[in-house]
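Here's the structure, in structure tokens; my notes come after.
The values are calculated or read from the model by the stated rules, or taken from the named source; none is laboratory data. Every value quoted in this text rests on a predicted model; they were computed, and no experiment measured them. Glycine also receives a Cβ, built like all others from the backbone with ideal geometry; neighbour counts cover every protein chain displayed. The accessibility values were calculated without ligands, DNA or RNA, using every heavy atom of the protein model including side chains. Shrake-Rupley method; radii C 1.70, N 1.55, O 1.52, S 1.80 Å.
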Amino acid sequence: MEMSRIIRDDPSPSGNGAIVMNTRRQLSMYVPATESCQLEAVRQVLDPVQAALIPAHVTLCREDEIGHLSVTEVEVRLRKSEAQPITLGFGRPVTFQGHGVVLPCVAGEQAFHQLRAQVLGTSAIRRHAPHITLAHPRNPPPSHESVADALGLLENLSFTFDTIASIEQVGAARPWRVLQEFTLTRR
């Protein structure tokens, strides 16, 4: 799962040759579809650009952490470790970098880090604060009225994640797509 670059011919009339498109791969846990309606509605108000690129999720491992791992290696590690579903609780929305908004994880962080260690095959990994991004600061800001209304809808959310998705984005403005899903075993 390494970062790669795809070069495509520039179809524009003033084409300068090639366009370089970065491909990013990550491991993420999507909020279960049966529980995401309210959350997705808020994301659509706060950041329709981000909502169109990827559903509500928690990033488990970033591309720089899994670049050396194949999908098969991830699957083997999850099976060997008998990784189980995890439940994460999320607190009130927090703003960052101007108009970015996240739901910080307030319960289940230890299980999250244990799952990261199982996937990465070591406990010597950097700490990564689990969260759900509602609005990304690189995208246009919403109106202030919509922010207040939308944020008031989210409180004391908890989700159980029983699947890890290997996902890929080709080019920064293109939607992420699921390459493979790994089901976590229940004991």
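Brief remarks follow.
- Shown is the FRET efficiency for F96 and T34, computed with R0 = 25 Å from the Cβ-Cβ distance and rounded to the nearest 0.05: 0.30.
- Summing charges over all other residues whose Cβ lies under 13 Å from the Cβ of R127, with Lys and Arg as +1 and Asp and Glu as -1, gives +1.
- For the range 60-145, the normalised intensity computed at q = 0.21 Å⁻¹ comes to -1.02 (log10 of I(q)/I(0), Debye sum over alpha carbons, equal scatterers, no solvent).
- Full extension of the chain between E75 and T122 gives 15.4 nm of extra length, using 0.36 nm per residue less the Cα-Cα distance.
- Its residues counted as N, the range 31-77 yields a C-alpha radius of gyration over 2.2 N^0.38 Å of 1.52.
- Surface composition of the range 33-98: carbon plus sulfur atoms hold 54% of the accessible area, using a 1.4 angstrom probe and ignoring ligands, DNA and RNA.
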